[in-house]
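Enquirer: Dropping a structure here in structure tokens format, bear with me for questions.
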Amino acid sequence: MRLRKSLNDRLIGWKMAGGAKEAVANMLQRGGRNKMVVIGFSIVLLMVILALLAPILPIADPTPSELHPEDQTLPPHWWERFGYNVSKGDGHWFGTDELGRDVFSRVIWGARVSLMVATLAVFFSLIIGVLLGLTAGYFGGKVDYVIAGTIDLFWTFPAFLLALAFAAALGGSLTNVILAISISYWAGFARLMRGQALSVRERLFVEASRALGAKNIRIMFAHVLPNCLAPLIVWASIGVADAITIESSLSFLGVGTQPPTPSWGYMLYRGIPYLEEAPWVATFPGIVLLLTILGFNLLGDGLRDVLDPRMKGMRR
Amino acid sequence: MADLVSYVVRKLLLAIPVIFLATFIVFLMLYLTPGDPVTAIAPPHVTPEELDALREKYGFNDPFIVQYGRFLERLVGGDLGKSVARASLNTDVSYLLGQRLPKTLELMAIGLSISYGIGIPLGVFSALRQNTWKDRGVMVFTLVAYAMPSFWLGILLMMALAVYTNILPAEGTVGGFKSILLPALTLGLGNAALTTRMMRSSMLEVQRQDYITQLRSRGLPEREVIFKHALKNAMLPVITVIGLDIGWFVAGAVVVETVFSWPGIGMLVTSSISNHDFPTVQGCILVLAIFVVIGNLIADILYAFVDPRVRLG
């Protein structure tokens, strides 16, 4: 509650024309009454806190330099009720993996990696998309023709395939995965931004500020952009969910984050041979992965319903 | 009809730049790959002069655009290069692709049938019971199925239907038709979530229209109103996006085939990536991209066929 209020206060402090601050503030305020937004936001917040606090939480080292063969695939200590022999386990909440590392700690550190990659990738896509979309939509004409054509080209191409091609070529590493997702994902933001810019530039306040002698750059960033903030927030939330899916899929295929850095996708991949004897190796990273993606999707879908109830249930 | 033909031609022409982009990305891939391609093919203990000669011979010293032009020239002739993986050394990439293509098509066809077989009835069911707990249950299913990454869904289904119960074979193709069910189900379920949502909202929209109210007021049995009149119209937007689903399936196939060791193009991509067999990776990505382009074309054409307003726009 307090967070939302302070955000509202800050938004009111912005100097924006055309009711942009009201639109965003209104979206956040009504979002607080939407069940999907509340559930989604809670999940996201929990994951972010866990990811941020990973280094100071009292959990095992996710990548110990010394491996203990006797610790391999120990069941979670509370799985006694499922008939597992837990005599050797010493407080592993999610058990240990095939190398004897604590799965709980790797899941938490994996959240750090996943969230960082996804947020940065969405951030860079957002910047590329906003710059190109804003330029195309605001100026129109030939500029728009060229940029819109490029946007459509990238939009047609499935982001995952493009990211796979780039990640395979560049080689797996955190930076390359972020780069690969950013290159593949920006078109969505650009389309959205262009559409918004096309409609906002016709509004009276844009004309008024032009009449007052404002330069194009100023109108674009001080007037047109803020009025597109609300849909951008929605798209960014859904984008983080998509980016987490792409990142984990890439690591699952072995071209994403490289071991020993903990990554949910790779943990699931390593868990496949142990599905029968040690199902916890794959199950826990999978549950947390699903929950995180679900959280961002719920947040995005909920905010979108709040923003534009007509779009309810539509997503293509 | 003439406007439909000109629309289709226009769309076909627009597909060309997308295919060009695909060839460019695929070429750029090899260009970006770290390491000198010549050292990979040169025999051991080769002198720097000999390396230079090799570079000259294979044209690696030429400017980027010349190399790209030569790449396109080869592509037009149907030459996708030769594999450099140990297991399939010097085999034509086009031959490898031809071997794998039917498997991927088979998987996608069954996956699509599952997706529509589940999505359409479920969407109608949900719409007819709008705002009841049954409707909410279906919506929760779609939310979860949509959020679930395909490899994780695949692992869960594998645990439930193969590892613990032995109903279906876990991987490979030895089980005959039974072996395709698990990968196809994995591929189909995620898309079924989208189909359900679309079907539901489309059905709700159609039910609000005047002609449905009019049919009801004339005393037509509800069953007839729904299945004879509303369903037909509500299904149109769902069917027209079948082409767009192909894009989803292409991305999904890469992951799902890897999970279940299904010997299609998707698995070929991942195994070639780990073998550093870049000519094969290039070929696979190109073929998958062409799939997507064809899918989008089908979507556009179906849409224009159904809704004449689109052709004129």
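The values are calculated or read from the model by the stated rules, or taken from the named source; none is laboratory data. On a predicted model such as this, the values are computed, not experimentally measured, just so you know. For neighbour counting, all protein chains shown are included, and Cβ atoms are generated from backbone atoms with ideal geometry for every residue, glycine included. Surface areas here come from the heavy atoms of the whole protein model, side chains and all, with no ligands, DNA or RNA. Shrake-Rupley method; radii C 1.70, N 1.55, O 1.52, S 1.80 Å.
Enquirer: So for the protein assembly as shown, taking the charge dipole from beta-carbon charges (+1 Lys/Arg, -1 Asp/Glu), which of A:GLY95, A:GLY171, B:GLN214 sits furthest toward the positive end?
Expert: B:GLN214
Enquirer: With a 1.4 Å probe on protein heavy atoms only, tell me which residues of the stretch B:128-174 lose at least 20 Å² of accessible surface in the complex relative to the chain by itself.
Expert: With the partner chains in place, the stretch B:128-174 has these residues losing at least 20 Å²: B:LEU143, B:VAL144, B:TYR146, B:ALA147, B:PRO149, B:PHE151, B:TRP152, B:ILE155, B:MET158, B:MET159, B:VAL163, B:TYR164.
Enquirer: Now a separate question. Return the FRET efficiency for the residue pair A:VAL38, A:TYR274: r is the Cβ-Cβ distance, R0 is 56 Å, and the value is rounded to the nearest 0.05.
Expert: E between A:VAL38 and A:TYR274, to the nearest 0.05, is 0.95.
Enquirer: So between A:ALA222 and A:LEU99, what do we pick up on full extension, going 0.36 nm a residue minus the alpha carbon distance?
Expert: Numbers: separation 123, 0.36 × 123 = 44.28 nm, distance 5.40 nm.
Working it through step by step, the gained length comes to 38.9 nm.
Enquirer: Let me ask you something else. In terms of modelled amide H atoms, which long-range or inter-chain residues lie less than 5 Å from the amide H of B:LYS82?
Expert: Under 5 Å from the amide H of B:LYS82 lie the amide H atoms of B:VAL93, each far enough along the sequence or on another chain.
Enquirer: Could you work out Rg/(2.2 N^0.38 Å) for the stretch B:191-289, with Rg from alpha carbons only?
Expert: Against the compact-globule rule of thumb, the ratio is 1.70.
Enquirer: Another question about this same structure. For chain A, set up a Gaussian network in which alpha carbons nearer than 10 Å are linked by springs, and say which option among A:SER184, A:SER251, A:SER42 fluctuates the most.
Expert: Among A:SER184, A:SER251, A:SER42, the largest mean-square fluctuation in the Gaussian network model of chain A belongs to A:SER42.
Enquirer: Using the Cα gyration tensor of chain B, with a ≥ b ≥ c the square roots of its eigenvalues, what is the shape: rounded (a/c below 1.5), prolate (a/b larger than b/c) or oblate (neither)?
Expert: oblate
Enquirer: If you don't mind, there's one more thing I want to ask. What residues does the stretch B:246-295 have that are buried by at least 50 Å² of accessible area in the full protein assembly compared to the chain on its own, 1.4 angstrom probe?
Expert: B:ILE273, B:ILE285
Enquirer: Return the carbon/sulfur percentage of the accessible area of the stretch B:103-263, one whole number, probe 1.4 Å, all protein chains in place.
Expert: Using a 1.4 Å probe with all protein chains present, the stretch B:103-263 comes out at 64 percent carbon and sulfur.
Enquirer: Mind giving me the FRET efficiency for B:LYS57 and B:GLN99? R0 is 41 Å, r the Cβ-Cβ distance, nearest 0.05 is fine.
Expert: About 0.85, to the nearest 0.05.
Enquirer: Hey, another quick one. Output the Kirkwood hydrodynamic radius of the stretch A:142-248, Cα pairs only, in Å rounded to one decimal. Numbers along the way, then the final one.
Expert: Values: mean 1/r = 0.0641 Å⁻¹.
Computed over Cα pairs of the stretch A:142-248, the Kirkwood hydrodynamic radius comes out at 15.6 Å.
Enquirer: If you count only protein heavy atoms with a 1.4 Å probe, what accessible area per residue comes out for the stretch B:103-263, rounded to a whole Å²?
Expert: On the way: 6720 Å² over 161 residues.
I get 42 Å² per residue for this part.
Enquirer: Here is a further query. Rg and Dmax of the stretch A:208-307, using alpha carbons, in Å: what are they?
Expert: Using the Cα atoms of the stretch A:208-307, the pair Rg, Dmax is 20.8, 73 Å.
Enquirer: Based on the alpha carbon coordinates of the protein assembly as shown, what radius of gyration and maximum Cα-Cα distance (Dmax) apply, in Å?
Expert: Rg then Dmax for the protein assembly as shown, in Å: 26.2, 91.
Enquirer: Further question: Of B:LYS11/B:LYS57; B:LYS134/B:LYS228; B:LYS134/B:LYS232; B:LYS11/B:LYS134; A:LYS21/A:LYS215; B:LYS11/B:LYS232, which sit over 32 Å apart, Cα to Cα?
Expert: Checking Cα-Cα distances, B:LYS11/B:LYS57; B:LYS11/B:LYS134 exceed 32 Å.
Enquirer: For chain A, taking Cα atoms only, what is the radius of gyration to one decimal and the Dmax to the nearest whole Å?
Expert: Using the Cα atoms of chain A, the pair Rg, Dmax is 22.7, 79 Å.
Enquirer: Quick one: angle between helix B:2-32 and the longest Cα principal axis of chain B, in degrees between 0 and 90, rounded to 10, please.
Expert: 40 degrees
Enquirer: Could you give the nm distance between label points at B:ILE294 and A:THR63, where each point is 7 Å from its Cα heading toward the beta carbon?
Expert: For B:ILE294 paired with A:THR63, the spin-label model returns 4.3 nm.
Enquirer: Could you compute how much accessible area chains B and A hide from each other, both sides summed, with a 1.4 Å probe? Nearest 100 Å² is fine.
Expert: 3900 Å²
Enquirer: Extent of the stretch B:25-139 along each principal axis, from alpha carbon coordinates, in Å, largest to smallest?
Expert: Largest first, the stretch B:25-139 extends 77, 29, 27 Å along its Cα principal axes.
Enquirer: Please build a GNM for chain B, connecting alpha carbons under 10 Å apart, and tell me which residue among B:SER217, B:SER274, B:SER94 fluctuates the most.
Expert: B:SER217
Enquirer: In debye, nearest 20: dipole of chain A around its Cα centre with unit charges on the Cβ of K, R (+) and D, E (-)?
Expert: 1960 debye
Enquirer: Can you give me the P(r) profile for the stretch B:103-263? Cα pairs, bins 10 angstrom wide beginning at 0, each as a whole percent.
Expert: Histogram of Cα-Cα distances, whole percents per bin: 11, 35, 29, 17, 7, 1.
Enquirer: Same structure again: Enter the accessible area of B:TRP152 (Å², nearest 10), with the probe set to 1.4 Å and all protein chains included.
Expert: Rounded to the nearest 10, the figure is 10 Å².
Enquirer: Could you state the angle between the C-alpha long axis of helix B:93-128 and the longest principal axis of the C-alpha atoms of chain B, as a value from 0 to 90 degrees rounded to the nearest 10?
Expert: Between helix and principal axis, roughly 20 degrees.
Enquirer: Leaving ligands, DNA and RNA out of it, work out the accessible area of A:CYS228 with a 1.4 Å probe and give it in Å² to the nearest 10.
Expert: 0 Å²
Enquirer: Let me ask something else. Using the Karplus curve 6.51 cos²θ - 1.76 cosθ + 1.60 with θ = phi - 60°, work out ³J(HN,Hα) for each residue of the stretch B:280-285 in order, rounded to whole Hz, and write x for Gly and Pro.
Expert: 5, 4, 4, x, 4, 4
Enquirer: Quick one: grab the alpha carbon gyration tensor of the stretch B:258-313, order the square roots of its eigenvalues as a ≥ b ≥ c, and give me rounded if a/c is under 1.5, else prolate or oblate depending on whether a/b is larger than b/c.
Expert: prolate
Enquirer: A further question follows. Express in Å², to the nearest 10, the accessible area of A:ASP152 obtained by rolling a 1.4 Å probe over the protein heavy atoms while all chains stay in place.
Expert: 80 Å²
Enquirer: Let me ask you something else. What is the sum of charges around B:GLU257, taking Lys and Arg as +1, Asp and Glu as -1, for the other residues whose C-beta is under 14 Å from the C-beta of B:GLU257?
Expert: Here the charged neighbours net out to 0.
Enquirer: Tell me the label-point distance for the pair B:ASP307, A:GLU207, using the 7 Å Cα-to-Cβ offset, in nm and rounded to one decimal.
Expert: Calculated label separation equals 3.0 nm.
Enquirer: For chain A, what is the accessible area per residue in Å², given a 1.4 Å probe and the full set of protein chains?
Expert: Roughly 46 Å² per residue, with all protein chains present.
Enquirer: Checking understanding here: applying a Kyte-Doolittle mean of at least -1.0 and a length along the axis of at least 15 Å (C-alpha), which whole DSSP H helices in chain A pass?
Expert: Both cut-offs are met by A:2-13, A:20-31, A:35-53, A:103-139, A:141-156, A:159-170, A:174-200, A:229-252, A:280-307.
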